Amino acid sequence: MKMLLFGIWTLLALIPCPGTTEELFEVSVWPNQALVEFGQSLTVNCSTTCPDPGPSGIETFLKKTQVDKGPQWKKFLLENVTENSVLQCFCSCAGIQKDTRLNITMYQPPEQVILELQPAWVAMDETFTVTYHVPHVAPLQSLTLTLLQGDQELHRKDFESLTVASQRPEVTLSVRAQRENDRCNFSCYAELDLSSQGGGLFHGSSATEVLRIFEFSQSLQIWVSPLLEAGVAETVNCEVARVFPAKDIIFHLFLEDQELSPFFPWKGNTAWASATVRAMETGDQELFCLVSLGPMEQKTKKAVHVYSFPPPVLEIEDLYSLAGTDVNVTCSGHVLTSPSPTLRLQGAPNLSAPGEPAWLLLTAREEDDGRNLSCGASLEVQGQRLVKTTEIQLHVLYKPRLEESGCPGNQTWVEGMEQMLACVPEGNPAPALVCVWHGMIFDLAVPRKATQNHTGTYYCIATNKLGSVSKDITVIVQGLHKGISSSTIFIIIAFALGLGVLTIALYLNYQPCKRNRRKLAYRQKENKEEENQFADHQAQEHNSNHC
């Protein structure tokens with residue numbers, strides 16, 4: 001009996017009880033870890049081990065679409081994932097429902113990183129602010145922001161402790177400006193590390209911002225004469241010291257509404273502008289200097305007075321006057337001079353009244369030829385006495401003269417020495433000189449070795465457009481053996497040697513001029529022929545008078 005009961009119990013143990021299979025079924029979801037980029041889609045498979053599943057599916061607030069199914073599974077498409085969510089996969093088996101959960105994590109790479117410098121130009125030792133943030137990124141707990149100055153890391157910030165998802169990933173730092181910060185490049189590097197969640201490593205960078213540091217602690221200075229003459233170029237300088245960076249200073253110079261064109265160099269911490277100003281309108285005016293450096297501007301001005309004072313007008317009635325004639329000389333102020341100047345004419349007996357011309361009447365003399373006449377104008381401007389002078393040269397025309405000082409009537413030559421006939425005429429215009437010896441033209445420009453044959457009388461005539469004058473020149477050639485002492489001979493030899501050296505030097509230095517003079521001689525050939533004829537005629541008359 002015991003054996004029968006044991007067999008029955010064993011058989012009953014082997015027969016499954018109703019509902020046992022259903023109670024052991026499982027529900028699973030794939031993928032078991034979901035990481036979706038913002039706005040993208042996700043495919044989810046919900047499955048079960050129940051052999052005859054009842055109602056099954058997924059529950060989510062995301063937009064879902066069933067795209068496929070099987071006896072024990074269903075596939076769904078989740079579209080436009082824009083935030084983190086929890087998906088529930090469920091299934092019923094023999095009246096029993098089981099479910100499982102899937103955490104969906106949405107991520108957004110740091111595609112846009114923004115960095116701002118406030119202000120972009122900062123005064124020395126002042127504080128500037130660096131703010132950087134990422135407008136759209138997720139999840140924040142995986143984000144790290146790094147501030148860089150050039151390639152150097154200045155600050156690093158992570159957001160692991162950020163509990164509120166709506167908080168903005170932003171960092172603000174305050175820094176005191178120093179000169180070494182000028183022209184520094186600042187940027188922000190963002191890193192999103194999803195490797196612990198089965199994702200990758202994403203990064204982004206901001207645009208580079210350049211910080212400018214400046215120092216502008218001293219006022220402008222203008223350097224210009226308080227008196228400017230109309231139409232005359234004057235230099236104006238505008239300078240500023242203790243400025244940084246001096247090479248970035250920009251100057252603007254104005255005379256009233258006229259903008260000048262400055263040249264602005266710099267050295268160290270000093271910058272200056274130089275410009276040429278040419279005022280055309282008279283009266284009181286203002287010169288402005290405007291300088292800018294980044295957001296800073298300084299402006300200064302200086303009053304100037306513009307006056308008109310051209311040189312006085314000096315006139316001679318006849319610039320080329322004949323000797324012995326009266327010459328009227330007038331000195332008057334220029335019409336543009338304001339107020340009228342006081343005039344003084346050289347040689348005039350009295351000082352003229354302001355605004356009145358000065359007069360001088362003189363008789364032209366030969367010795368006045370080449371004389372400079374001057375007229376001075378005096379004008380008081382803003383308490384300062386100004387003087388302008390005009391000069392003019394007087395030319396006096398007179399007939400030729402053969403003075404004993406320039407053309408001696410008796411000349412002694414030394415036999416064997418190089419000699420030239422000495423005769424320089426006076427007159428204006430410069431007279432032409434022709435000398436005749438034995439009925440032939442004697443070339444005065446060519447030195448000759450003196451011989452006894454050169455003894456005699458030379459007939460010279462000087463001519464200009466006002467007339468002519470003639471003179472006889474007696475030449476005596478003295479031999480070395482007649483009445484000449486040894487000391488005289490020594491002096492003569494030394495003089496001859498010196499003259500020879502001087503002649504060679506002049507020949508070497510003025511050879512080109514000699515060639516030009518020869519060319520001129522060819523061009524004056526016809527004139528020479530006329531002079532020869534004239535000289536022959538004069539020589540014949542002279543010989544006939546002396547016979």
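The values are calculated or read from the model by the stated rules, or taken from the named source; none is laboratory data. Since the model is a prediction, treat every value here as computed from it, not as a measurement. Quick reminder, even Gly has a Cβ in these numbers, built from the backbone with ideal geometry, and neighbours come from all protein chains shown. Heads up: the accessible areas ignore ligands, DNA and RNA and are worked out on the full protein's heavy atoms, side chains in. Shrake-Rupley method; radii C 1.70, N 1.55, O 1.52, S 1.80 Å.
Of all residues in the stretch 333-382, which are assigned to a loop (DSSP other than H, G, I, E, B), within 46 Å of the chain's Cα centre (by Cα) and of a type in the set (A, V, I, L, M)?
Scanning the stretch 333-382 gives VAL335, LEU336.
Within the stretch 389-425, can you find the residues that are part of a strand (DSSP E or B) and without any contact (Cβ under 8 Å) to a residue 60 or more places away in the chain?
GLN393, GLN419
So ASP284 fits all but one of (1) open to solvent by 40 Å² or more (accessible area, probe 1.4 Å); (2) touching a Cys at 6+ places or on another chain (Cβ under 9 Å); what number is the exception?
Among (1) open to solvent by 40 Å² or more (accessible area, probe 1.4 Å); (2) touching a Cys at 6+ places or on another chain (Cβ under 9 Å), ASP284 violates only (2).
Within the stretch 75-115, track down each residue that is touching a helix residue (DSSP H, G or I) at 6+ places or on another chain (Cβ under 7 Å) and more than 11 Å from VAL27 (Cβ to Cβ).
ALA94, THR105
Report yes if ALA190 is modelled with pLDDT of 90 or more, under 49 Å from the mean Cα position of the chain (by Cα) and exposed (fewer than 11 other Cβ atoms within 10 Å of the Cβ), otherwise no.
no
So which strands (runs of 3 or more DSSP E) stay within the stretch 270-329 end to end and still have 2 or more residues that are among the β-branched types (Val, Ile, Thr)? Explain how you work it out, then say what you get.
Values: elements: 270-277, 283-293, 296-307, 313-316, 320-322.
Hits in the stretch 270-329: 270-277, 296-307, 313-316.
Cβ-Cβ distance below 9 Å, separation of 6 or more or different chains: which pairs start in the stretch 122-151 with a residue that is within 13 Å of GLU209 (Cα to Cα) and end on one that is aromatic (Phe, Trp, Tyr) and open to solvent by less than 30 Å² (accessible area, probe 1.4 Å)?
Taking only residues 6 or more apart or on different chains, the pairs are VAL130/PHE186; TYR132/PHE186; LEU147/TYR132; LEU147/PHE186; LEU148/PHE186; GLN149/PHE186; GLY150/PHE186.
For the stretch 375-396, give me each residue that is open to solvent by less than 60 Å² (accessible area, probe 1.4 Å) and charged (D, E, K, R). Give the steps one after another, and end with the answer.
Let us first name the residues in the stretch 375-396 that are open to solvent by less than 60 Å² (accessible area, probe 1.4 Å), namely 375-379, 381, 386, 388, 390, 392, 394-396.
Passing the criteria: only LYS388.
Could you tell me how many of the residues in the stretch 299-327 are farther than 14 Å from THR337 by Cβ and open to solvent by 30 Å² or more (accessible area, probe 1.4 Å)?
The number of residues fulfilling the criteria is 16.
Could you pull out the residue among ARG176, ARG168, ARG183, ARG156 that is at positive phi and of a type in the set (D, E, K, R)?
ARG183
Quick one: count up the residues across the stretch 31-50 that are closer than 17 Å to CYS91 by Cα and either of a type in the set (Gly, Ala, Ser) or without any contact (Cβ under 8 Å) to a residue 40 or more places away in the chain (or both).
Residues in the stretch 31-50 being closer than 17 Å to CYS91 by Cα and either of a type in the set (Gly, Ala, Ser) or without any contact (Cβ under 8 Å) to a residue 40 or more places away in the chain (or both): 3 in total.
Which residues, taken from the stretch 431-471, are in a loop (DSSP other than H, G, I, E, B), open to solvent by 30 Å² or more (accessible area, probe 1.4 Å) and either in contact with a strand residue (DSSP E or B) (Cβ under 7 Å, 6 or more places away or on another chain) or not small (Gly, Ala, Ser) (or both)?
If the condition is that a residue be in a loop (DSSP other than H, G, I, E, B), open to solvent by 30 Å² or more (accessible area, probe 1.4 Å) and either in contact with a strand residue (DSSP E or B) (Cβ under 7 Å, 6 or more places away or on another chain) or not small (Gly, Ala, Ser) (or both), then HIS438, ASP443, LEU444, VAL446, PRO447, THR451, THR455, LYS465, LEU466 are the ones that fit.
Condition check: loosely packed, with under 12 Cβ neighbours inside 10 Å, out of contact with any strand residue (DSSP E or B) (no Cβ under 9 Å at 6 or more places or on another chain), at negative phi and of a type outside the set (Phe, Trp, Tyr). Does ASP257 satisfy that?
yes
Find the residue count for the stretch 44-63, including only residues that are under 15 Å from VAL86 (Cα atoms) and either surrounded by 14 or more Cβ atoms within 10 Å (Cβ to Cβ) or in contact with a helix residue (DSSP H, G or I) (Cβ under 8 Å, 6 or more places away or on another chain) (or both).
The qualifying residues number 7.
Which of the following residues is touching a residue at least 40 places away in the same chain (Cβ under 8 Å), part of a strand (DSSP E or B) and not hydroxyl-bearing (Ser, Thr, Tyr): GLY204, GLY199, GLY231?
GLY204 is the lone residue from the list that is touching a residue at least 40 places away in the same chain (Cβ under 8 Å), part of a strand (DSSP E or B) and not hydroxyl-bearing (Ser, Thr, Tyr).
Give me the pairs, please: first residue somewhere in the stretch 348-374 and closer than 14 Å to ASP318 by Cα and open to solvent by less than 60 Å² (accessible area, probe 1.4 Å), second residue anywhere and modelled with pLDDT under 85 and among the small types (Gly, Ala, Ser), beta-carbon distance under 8 Å, and either six or more positions apart or on two chains.
Taking only residues 6 or more apart or on different chains, the pairs are LEU360/GLY347; LEU360/ALA348; LEU362/GLY347; LEU373/GLY347.
Inside the stretch 193-207, can you point out the residues that are open to solvent by 30 Å² or more (accessible area, probe 1.4 Å) and within 47 Å of the chain's Cα centre (by Cα)?
Correct list: HIS203, SER205, ALA207.
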